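Single-structure report; data block below.
Read-outs throughout are calculated quantities, based only on the coordinates presented, and are distinct from any laboratory measurement. Computed from a predicted structure; not experimentally measured. Cβ placement follows ideal geometry from the backbone for every residue including glycine, while neighbour counts extend to all protein chains displayed.
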Amino acid sequence: MSKVNHAISRTQKRQTRVRAKLHGTAVHPRVSVFRSNEHLSLQAINDDLGFTLAAAGETEVKEKGNKTVRALAVAKLLAEKMKKAKVHAAVFDRGSYRYHGRVKAVADALREAGIQV
């Protein structure tokens, strides 16, 4: 097995392991993080209905700075959208990413904005 396939399968295993323990509802949606090398996007998902309640990405934010600063702005935008949808608590889904750097900054920014994570 090549190293590329092995790395992909480890990532998928890690994501499956994290996702198996989480479930979003209408009251506590799952906040899913997608992190690429350049951008970050967030979604608040109701898994009961398979419906996205709110979403935010770096393309919507005109923030300048490093990736962490832009991630904080995206998290604040998502928190505003969640409050408009009358959602005040969420389950944080880090996916296959470590709880470190941009992912941790997003969770902290959601907490500061008043969303119980």
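When the dipole is taken about the Cα centre of the chain, and only Lys, Arg (+1) and Asp, Glu (-1) are charged at their Cβ, what size is it in debye, to the nearest 20?
Charge dipole, the chain, about its Cα centre: 440 debye, nearest 20.
Please enumerate, by chain and number, the lysines with C-alpha under 24 Å from the C-alpha of K67, excluding those fewer than 8 residues away in the same chain.
Straight-distance partners of K67: K76, K81, K104.
Taking amide hydrogens as modeled 1.01 Å from N in the peptide plane, which residues meet the under 5 Å criterion relative to T25, leaving out close sequence neighbours?
Those qualifying (amide H under 5 Å, at least 5 residues apart or on another chain) are R30, D47.
Express the relative contact order of the chain as a whole percentage, based on alpha carbon pairs under 8 Å and six or more residues apart in sequence.
About 27 percent, as a whole number.
Provide the FRET efficiency to the nearest 0.05 for the D108-K62 pair, computing r from the beta carbons and using R0 = 30 Å.
0.85
Any chance you could run the full-extension gain for Q116 through S36? It's 0.36 nm times the residue separation minus the Cα-Cα distance, nm to one decimal.
26.3 nm
Averaged over all directions, how much area does the convex hull of the C-alpha atoms of segment 3-112 cover when projected, in nm²?
That works out to 7.2 nm², a quarter of the Cα hull's surface.
I want the local charge near G24. Using Cβ-Cβ distances under 9 Å, sum +1 for each Lys or Arg and -1 for each Asp or Glu among the other residues.
Residues near G24 contribute -2 overall.
Hey, what angle do you get for helix 67-84 against the long axis of the chain, alpha-carbon based, 0 to 90 degrees rounded to 10?
That works out to roughly 50 degrees.
Applying 1/(1 + (r/R0)^6) with R0 = 22 Å to the Cβ-Cβ distance of A85 and L22, what FRET efficiency is obtained, to the nearest 0.05?
Between A85 and L22 the formula returns 0.70.
At 0.36 nm per residue, and after removing the present C-alpha to C-alpha distance, how many nm does the segment from Y99 to A55 gain when stretched out fully?
Going from the current span to full extension adds 13.8 nm.
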